[in-house]
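The values are calculated or read from the model by the stated rules, or taken from the named source; none is laboratory data. Given the structure is predicted, the values throughout are model-derived calculations rather than measurements. Here the Cβ positions follow ideal geometry from the backbone for every residue, glycine too, while neighbour counts run over all protein chains shown.
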Amino acid sequence: MYDFDASHPPRLARLLGFAGLIPFVSAALGIWLTPLGWRPFVLSALLDYAAVILAFMGAIHWGLAMRAGPEDTRTQMQLGLSVIPALVGWVVISVGLPAGLAVVLFILAFIGLYLADLRSVRLGLAPRWYPALRLPLTFGVVTSLLVAWGGLMLVQPG
């Protein structure tokens, strides 16, 4: 069991969290470095992965609500927040938005999710160390998405 009051994230959580950045960083660089014919595939992989991770992060909030229990007044809001990331990710990848807009929406969604993470800690639902894990990971995700967005805007075919 993790120490809920520790100020530093567990080592395994940090390692796995940073490993989760590998697809973001590699796809963001891939937008710039791969041949033009491969860029749609790289972009699709990036957007799909962003949606999956957004849903995964939302599921953490579902788990926090379940841990708090149904009698806890914080539970209803936490459950509501938990499904929003998955829905946003699904909408972004399923409605055929222009790639530049999809990336921007994912950036906003990950920033919003980080704010929800901070709220969870303030309410005592998430461990005190959670922001120390989430901040660098959110920064890595948002930076990767910005790099990809820049590549989409600047590296246009033909």
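Going by what's in this entry, would ALA116 be described as buried (at least 19 other Cβ atoms within 10 Å of the Cβ), small (Gly, Ala, Ser), under 19 Å from the mean Cα position of the chain (by Cα) and on the phi < 0 side of the Ramachandran plot? Yes; evaluated as a whole, the condition is true for this residue.
VAL88 - would you say it is modelled with pLDDT of 95 or more and within 18 Å of LEU152 (Cβ to Cβ)? No.
For every residue, the table says whether it meets (1) modelled with pLDDT of 90 or more; (2) assigned to a helix (DSSP H, G or I); (3) closer than 24 Å to PRO9 by Cα.
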{"residue": "ILE53", "(1), (2), (3)": "yes, yes, yes"}
{"residue": "GLY80", "(1), (2), (3)": "no, yes, no"}
{"residue": "THR143", "(1), (2), (3)": "yes, yes, yes"}
{"residue": "GLY158", "(1), (2), (3)": "no, no, no"}
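Contact map, region 15-43: first residue within 16 Å of MET57 (Cα to Cα), second residue in a helix (DSSP H, G or I) and among the hydrophobic types (A, V, I, L, M, F, W, C), Cβ cut-off under 6 Å, separation 6 or more or different chains; pairs are GLY17/LEU133; GLY17/LEU137; PHE24/VAL141.
Rundown of residues vs (1) among the aliphatic types (A, V, I, L, M); (2) touching a Ser or Thr at 6+ places or on another chain (Cβ under 6 Å); (3) under 18 Å from VAL147 (Cβ atoms), yes/no style:
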{"position": "ALA6", "(1), (2), (3)": "yes, no, no"}
{"position": "GLY17", "(1), (2), (3)": "no, no, no"}
{"position": "PHE24", "(1), (2), (3)": "no, yes, yes"}
{"position": "TRP32", "(1), (2), (3)": "no, no, yes"}
{"position": "LEU47", "(1), (2), (3)": "yes, no, yes"}
{"position": "ALA68", "(1), (2), (3)": "yes, yes, no"}
{"position": "GLN78", "(1), (2), (3)": "no, no, no"}
{"position": "SER94", "(1), (2), (3)": "no, no, no"}
{"position": "ALA102", "(1), (2), (3)": "yes, no, yes"}
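Scanning region 61-72 for residues that are in contact (Cβ under 8 Å) with a residue 40 or more places away in the chain and either assigned to a loop (DSSP other than H, G, I, E, B) or surrounded by 14 or more Cβ atoms within 10 Å (Cβ to Cβ) (or both) yields a count of 4.
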